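Remarks on the structure that follows.
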Amino acid sequence: MNVHRPLDVYEHLTNDLGAQFLQFIPIVERAHGDVPSFETPPAEAYGRFLRAIFDRWVRSDVGTVFVRDFDNALAIRHGIGATICVHAEVCGTAVALEHSGDLYSCDHYVEPDHLVGSIVDTPLGDLVASPRQVSFGMAKRDTLTRYCLECEVLDFCGGGCPKDRFATTPDGERGLHHLCAGYREFFGHVRPFVAEMDRLLRLGQAPARIMEAAGSFPPEIEIPDPPPVPDPNDLHAGWTSLGMPRVRRRIGR
């Protein structure tokens, strides 16, 4: 499985193929009942996969390579919200439209029980905003296990896609996402890094500056105060106060 070769995958895509926009979508399928298929990666392995690529990316490729999972984490931290439906608090807007005009709640739920209606009879916007579809989307949040509700990375994870919630929590509650352990591993690791990138953004700095301190944990970039505005009547002030501030690396603890 390529889940065990994260850096080989990443470097092939970026160095050999020149790809700049990446997304790593895990295969999560059931062989039978609640048993994952052979192709489905173990949760812990998927978390290590994302973490290894993130550690490579955050030291050298921020701003030149864009990874959907990393951009999504930063968007959540920055207050924009999840850019991936599986990590959003609620879902229901990524509908599936068939050639016949039939509209289903999601491309993971193209089945009779999740037929919302047909655009032949009802405008698309009305179907997406219908009580049936809104209820489908809200269920993503309202059916979380207690284990999820008490999790320290729920704000990043969102509980994962309901389709893949076929695992069991440590206390025996069904409805845990198959990749839960991997999500906890990944999001718990990247939290301080995306927090620092968020801080840089709010200070008008490029998030790519995280690379200056990516070897620190937690990372922290010192942002000097802006230079004072010179007195326009002082002909010498501009020579002494408009120099570029020196950027230093500081290791926070």
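Can you name every residue in segment 128-154 that is within 23 Å of Phe166 (Cβ to Cβ), hydrophobic (A, V, I, L, M, F, W, C) and in contact (Cβ under 8 Å) with a residue 12 or more places away in the chain?
Hits for segment 128-154 are Phe136, Met138, Ala139, Leu144, Cys148, Cys151, Val153.
Which residues, counting only those in segment 24-33, are within 20 Å of Gly175 (Cβ to Cβ) and surrounded by 12 or more Cβ atoms within 10 Å (Cβ to Cβ)?
Answer for segment 24-33, where residues must be within 20 Å of Gly175 (Cβ to Cβ) and surrounded by 12 or more Cβ atoms within 10 Å (Cβ to Cβ): Pro26, Val28, Glu29, Arg30.
For Leu144, all conditions in the list (1) outside any helix (DSSP H, G or I); (2) more than 19 Å from Ala43 (Cβ to Cβ) hold save one; what is the number of the exception?
(2)
Condition check: over 17 Å from Asp164 (Cβ atoms), open to solvent by less than 30 Å² (accessible area, probe 1.4 Å) and of a type in the set (Asp, Glu). Does Asp61 satisfy that?
So Asp61 passes the test.
Kindly indicate whether Asp142 is within 28 Å of Val95 (Cα to Cα) and open to solvent by 10 Å² or more (accessible area, probe 1.4 Å).
Yes, satisfied.
Would you say Ala96 is more than 26 Å from Gly188 (Cβ to Cβ), modelled with pLDDT of 95 or more, hydrophobic (A, V, I, L, M, F, W, C) and in contact with an Asp or Glu (Cβ under 6 Å, 6 or more places away or on another chain)?
yes
Is it the case, given these coordinates, that Thr93 is in contact with a Lys or Arg (Cβ under 8 Å, 6 or more places away or on another chain) and either outside any helix (DSSP H, G or I) or free of Cβ contacts under 8 Å to residues at least 60 places away in the same chain (or both)?
no
Just a yes or no: is a residue in segment 43-54 of a type in the set (Asp, Glu), assigned to a helix (DSSP H, G or I), open to solvent by 20 Å² or more (accessible area, probe 1.4 Å) and more than 30 Å from Asp8 (Cβ to Cβ)?
Looking for residues that are of a type in the set (Asp, Glu), assigned to a helix (DSSP H, G or I), open to solvent by 20 Å² or more (accessible area, probe 1.4 Å) and more than 30 Å from Asp8 (Cβ to Cβ), one finds none in segment 43-54, hence no.
Need the failing condition index for Val229 against (1) touching an Asp or Glu at 6+ places or on another chain (Cβ under 7 Å); (2) modelled with pLDDT under 95; (3) part of a loop (DSSP other than H, G, I, E, B); (4) not hydroxyl-bearing (Ser, Thr, Tyr), just the number.
Against the list (1) touching an Asp or Glu at 6+ places or on another chain (Cβ under 7 Å); (2) modelled with pLDDT under 95; (3) part of a loop (DSSP other than H, G, I, E, B); (4) not hydroxyl-bearing (Ser, Thr, Tyr), Val229 comes up short only on (1).
Restricting to segment 75-90, count the residues that are surrounded by 20 or more Cβ atoms within 10 Å (Cβ to Cβ) and either touching a helix residue (DSSP H, G or I) at 6+ places or on another chain (Cβ under 7 Å) or in a helix (DSSP H, G or I) (or both).
Going through segment 75-90 one residue at a time, the tally reaches 4.
Taking the stated definitions as given, is Asp121 surrounded by fewer than 17 Cβ atoms within 10 Å (Cβ to Cβ), assigned to a loop (DSSP other than H, G, I, E, B) and touching a strand residue (DSSP E or B) at 6+ places or on another chain (Cβ under 7 Å)?
no
What tally of residues in segment 151-183 results from selecting those that are in a helix (DSSP H, G or I), surrounded by fewer than 21 Cβ atoms within 10 Å (Cβ to Cβ) and touching an Asp or Glu at 6+ places or on another chain (Cβ under 8 Å)?
Of the residues in segment 151-183, 1 are in a helix (DSSP H, G or I), surrounded by fewer than 21 Cβ atoms within 10 Å (Cβ to Cβ) and touching an Asp or Glu at 6+ places or on another chain (Cβ under 8 Å).
Which of the numbered conditions does Val116 fail, given that it passes all the others? Conditions: (1) in a helix (DSSP H, G or I); (2) free of Cβ contacts under 8 Å to residues at least 24 places away in the same chain.
(1)
Cβ contacts < 7 Å: first residue open to solvent by less than 70 Å² (accessible area, probe 1.4 Å), restricted to segment 1-23; second residue hydroxyl-bearing (Ser, Thr, Tyr) and modelled with pLDDT of 95 or more, any location; separation 6+ or different chain. Result?
Val3/Tyr46
The values are calculated or read from the model by the stated rules, or taken from the named source; none is laboratory data. None of these values were measured; they are calculated from a predicted model. All Cβ positions, even for glycine, are placed from backbone atoms using ideal geometry, and neighbour counts span all protein chains on display. Each accessible area value is taken on the protein alone, full model and side chains, heavy atoms only, with ligands, DNA and RNA left out. Shrake-Rupley method; radii C 1.70, N 1.55, O 1.52, S 1.80 Å.
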